[in-house]
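*Asks:* Dropping the structure in here first, questions after.
The values are calculated or read from the model by the stated rules, or taken from the named source; none is laboratory data. Remember, it's a predicted structure, so these values are computed and weren't measured experimentally. Heads up, the Cβs are rebuilt from the backbone with ideal geometry, glycines too, and the neighbour counts pull from every protein chain shown. Heads up: the accessible areas ignore ligands, DNA and RNA and are worked out on the full protein's heavy atoms, side chains in. Shrake-Rupley method; radii C 1.70, N 1.55, O 1.52, S 1.80 Å.
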Amino acid sequence: MDLDILAVTAAAAVVQAASTDAWTLVSGKVAGLLSRGDRSRRDVVEHQLLHTREMLGSSPGKESAAAEEQLWAMRLADLLAERPETRPELQNLVDTQKPRPNVTIGPHAFVVLGDHNQANQTHNHYGPSSPPQ
């Protein structure tokens, strides 16, 4: 089964948010979309979201994250198939959760942390030739 790219991207946003301050916002939006206004269904979805967060907290790693992303991608693909009108809301969730690079800007250079927190420094050739003392 091919999953909708939006569902896959939104699932990645859910998993990535699990360990961040964005969790409350993301999980609330996902619970609202999947519950369809049904309180008992919302309780179930909130339980599923909590399980994801706990699973990733107790068993961090690529395999756990990939498994959780797959689960959420299937759930969200089902949502999009059943209720295509939710696509703009799901796209909005993805757009607001796009990862931002870790950037540190100094007076003469900036550092971008990439994979494995490896620093890549770029010098500002327009500033003074030596750093301040």
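*Asks:* List the pairs whose first member sits in segment 33-54 and is under 15 Å from Leu79 (Cα atoms), whose second member is of a type in the set (Val, Ile, Thr) and open to solvent by less than 80 Å² (accessible area, probe 1.4 Å), and whose Cβ atoms are under 6 Å apart, counting only residues at least 6 apart or on separate chains?
*Replies:* Leu33/Thr86; Leu34/Val45; Ser35/Val45
*Asks:* Specify the residue that is modelled with the lowest pLDDT; the eligible residues are those in segment 2-61 that are assigned to a helix (DSSP H, G or I), of a type in the set (Ser, Thr, Tyr) and out of contact with any helix residue (DSSP H, G or I) (no Cβ under 8 Å at 6 or more places or on another chain).
*Replies:* Ser58
*Asks:* Now for a separate question. Among the residues of segment 1-31, write down those that are under 12 Å from Leu56 (Cβ atoms), open to solvent by 40 Å² or more (accessible area, probe 1.4 Å), over 8 Å from the mean Cα position of the chain (by Cα) and in contact (Cβ under 8 Å) with a residue 24 or more places away in the chain. Outline the logic, then answer.
*Replies:* Going residue by residue through segment 1-31, those that are under 12 Å from Leu56 (Cβ atoms) are 14-20, 23.
The next check asks that each one be open to solvent by 40 Å² or more (accessible area, probe 1.4 Å); those that pass are 16, 19-20.
Keeping just the survivors that are over 8 Å from the mean Cα position of the chain (by Cα) gives 19-20.
Scanning segment 1-31 gives a single hit, Ser19.
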